[in-house]
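The values are calculated or read from the model by the stated rules, or taken from the named source; none is laboratory data. On a predicted model such as this, the values are computed, not experimentally measured, just so you know. Virtual Cβ from ideal backbone geometry, glycine too; neighbours counted across all protein chains shown.
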Amino acid sequence: MEDLTDNEREEQLRRWWSDNWAWIIGGVALGLAILGGWQYWQRHKVQVAEQDEAGYLAVVEALESNNRDAAVQHAAELQKRRPGSPYTDQAELALARAAVERREFDEAARLLRGVADRSKDAELRLVAKTRLARVLVEQGKHDEALALLDVSQSGAFAAMVHEIRGDAFAAKGDTAQARTEYDAAIKASTPESGIDGAFVELKRDALAAAVPAQAADAPAAAQPAAEAPTK
């Protein structure tokens, strides 16, 4: 093939450009549009996250100021605007914690059950379940608390789940099962597990001390009352 002259190359380039310029300009425009849209979406996500965080912080600040009505209002606004946001779940967890501190266990249980059932975040669901189980133990609903906590699904929360199950069994008076759960909690305990291993040991040892005391009381209670001396 003979080499093309400069004029022929120039003419060939002009024909190529005439046939393809629309595609090239369109492709560049599309690329710029995609890039601009992606950047807008990223900015939008940041703005939404900042708004969600501000709503959550407003709840926390209101609770710290003992302004319960304002905290409830901020949480309701966040729930209405962003029901699927983790910050919405955390706001309700904060309200539940405040309810527990006031010993309003029914209200705390309602809030915690909502997060446990609704949250899209698996870790927040587990947090809500463990806190709900503690509330149920306080309410005397020991079997409901036990049914709520599945050790096989607890992951990094295993030690905490075992401890709460131990508390439930202890409250029921089942010291053997309570001791088993406390032992499992101590075994699974790590610095990141969220439990105080030494405190769990104290609860376990208190169970062991309580059994002999109960056993010692039993014979005395079983003995018939001594007959009154005859005159």
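Only a single item in (1) surrounded by 22 or more Cβ atoms within 10 Å (Cβ to Cβ); (2) within 13 Å of the chain's Cα centre (by Cα) is not met by ALA170, and it is number (2). Among the numbered conditions (1) closer than 29 Å to GLU101 by Cβ; (2) within 20 Å of the chain's Cα centre (by Cα); (3) at pLDDT below 95; (4) part of a helix (DSSP H, G or I), the only one that SER152 does not meet is (1). Quick check on the stretch 110-122. Is at least one of its residues aliphatic (A, V, I, L, M), assigned to a helix (DSSP H, G or I), over 30 Å from ASN66 (Cβ atoms) and at pLDDT below 95? Yes - at least one qualifying residue is present in the stretch 110-122. Kindly evaluate ASP217 against the criterion of being at pLDDT below 90 and closer than 28 Å to LEU111 by Cα. For ASP217, the condition - at pLDDT below 90 and closer than 28 Å to LEU111 by Cα - is not met. Of all residue pairs spaced 6 or more apart or on separate chains, those with beta-carbon atoms under 6 Å, a first member in the stretch 54-66 that is closer than 14 Å to PRO86 by Cβ and a second member that is among the aromatic types (Phe, Trp, Tyr) and assigned to a helix (DSSP H, G or I) are TYR56/TYR87.
Entry remark, the stretch 155-198: residues being of a type outside the set (Val, Ile, Thr), within 21 Å of VAL135 (Cα to Cα), touching a residue at least 24 places away in the same chain (Cβ under 8 Å) and outside any helix (DSSP H, G or I) number 2 in total. Return yes or no: is HIS44 over 20 Å from ASP121 (Cα atoms), modelled with pLDDT of 75 or more and surrounded by 10 or more Cβ atoms within 10 Å (Cβ to Cβ)? Judged against the criteria, HIS44 is not a match. What are the pairs, 6+ residues apart or on separate chains, where a residue within the stretch 79-91 that is in a helix (DSSP H, G or I) has its Cβ under 8 Å from a residue that is exposed (fewer than 13 other Cβ atoms within 10 Å of the Cβ) and not β-branched (Val, Ile, Thr)? Filtered contacts from the stretch 79-91: PRO86/LYS120. Looking only at residues in the stretch 107-123 that are of a type in the set (D, E, K, R) and without any contact (Cβ under 8 Å) to a residue 24 or more places away in the chain, the one that is surrounded by the fewest Cβ atoms within 10 Å (Cβ to Cβ) is ASP117.
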